[in-house]
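One structure below.
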Amino acid sequence: MGETRVNRNPPDPPLFYRAHLFVCCNRRPEGHARGSCAAKGSDDVRAYMKARVKELGLRGVRVNQAGCLDRCELGPCLVVYPEGVGTASQAGMRQRE
Ligand code: FES
């Protein structure tokens, strides 16, 4: 007969943030083959998102700086948790302009 496993770990705590957005702000030297999100305006993207979250009074939403998300050629890139959805935000920046 198979052994029954019992999970003795405590349950995970509730999520602290409803949505947590990480914007890649990695900067590589100019001319680097992969480029970098900072060179494509990710600092502006992050600042804009932070301002909008504050302006809209979105509770439980946090925007943070992240390192390289390994989608450098598509940047500026970000990922949203808990969904874990990533995106390149050039379209968003174009809409903003
Ligand atoms: S530099 Fe932003 S994903 Fe790599």
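For a quick check: sort Glu3, Glu73, Glu55 by the number of other beta carbons within 10 angstrom, fewest at the front.
Glu3, Glu55, Glu73
Using the alpha-carbon atoms, what tilt in degrees (0 to 90, nearest 10) does helix 42-56 show relative to the longest principal axis of the chain?
70 degrees
Can you give me the distance in nm between label points at Thr87 and Glu55, each placed 7 Å from the Cα along the Cα-to-Cβ direction?
Here the answer is 1.7 nm between the modelled labels.
Between Asn9 and Asn64, how high is the FRET efficiency from 1/(1 + (r/R0)^6) when r is the Cβ-Cβ distance and R₀ = 22 Å? Nearest 0.05.
Between Asn9 and Asn64 the formula returns 0.20.
Shape of segment 19-96 from its Cα gyration tensor (a ≥ b ≥ c, root eigenvalues): rounded if a/c is under 1.5, otherwise prolate when a/b > b/c, or oblate?
Prolate, since a/c reaches 1.5 and a/b exceeds b/c.
Sort Cys77, Cys68 so that the residue with the fewest other Cβ atoms within 10 Å of its own Cβ comes first and the one with the most comes last.
Placing the least packed residue first, the sequence is Cys68, Cys77.
Every read-out reported here was derived from the displayed coordinates using simple, explicitly stated rules and does not represent laboratory data. The structure displayed is predicted, hence computed values, not measured ones. In this analysis, Cβ positions are derived from the backbone assuming ideal geometry, glycine residues included, and neighbour counts consider all displayed protein chains.
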